[in-house]
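A short worksheet on the structure shown next.
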Amino acid sequence: PFTFCLFMGVAMSITALPILGRLMVEWGVARTRLAAIAITAAAIDDASGWILLAAVSGFAHAQMEGGTFSPITLLSMGGYSLAFLGLMFWIVRPALGSARCCGVCRPSWLPPLTAWCAARNKLSVQMY
């Protein structure tokens, strides 16, 4: 029961960003500072919520398998998340910015990179 309550609590904390955006447009505040702060806060909340949901899922899975949840696993997941954030911020973001500056609307390397990441993610999920 505790794991279910934990899972539901974290799952319910995740914001529906498209709904929030649509509400901002309907209320006529989409281009205001308030809307920017609300969307930014919701995006940060969503990112942390999804990471927590993954941790709770791992905890529940470990309990169902009869094992114990290792804090090392949780710390490594946090480290991988920070590494991904750093990769996106310091490598991918400048690369996309330079591609946009050169007048290239859609870089030719982006779809294969996305497909490779998706395939790699699917393989790593199947391994665990």
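The values are calculated or read from the model by the stated rules, or taken from the named source; none is laboratory data. Since the model is a prediction, treat every value here as computed from it, not as a measurement. Please note: Cβ atoms are built from the backbone with ideal geometry, for glycine as well, and neighbour counts cover all protein chains shown. What goes into the accessible areas is simple: the full protein's heavy atoms, side chains included, and nothing from ligands, DNA or RNA. Shrake-Rupley method; radii C 1.70, N 1.55, O 1.52, S 1.80 Å.
Name the helices (runs of 4 or more DSSP H) wholly inside the stretch 7-113 in which the number of residues that are at pLDDT below 75 is 3 or more.
Qualifying helices (runs of 4 or more DSSP H): 33-64, 71-87, 93-101.
Just name the residue that is most open to solvent (accessible area, probe 1.4 Å) out of those in the stretch 1-57 that are acidic (Asp, Glu) and under 23 Å from Tyr80 (Cβ atoms).
In this case the residue turns out to be Asp45.
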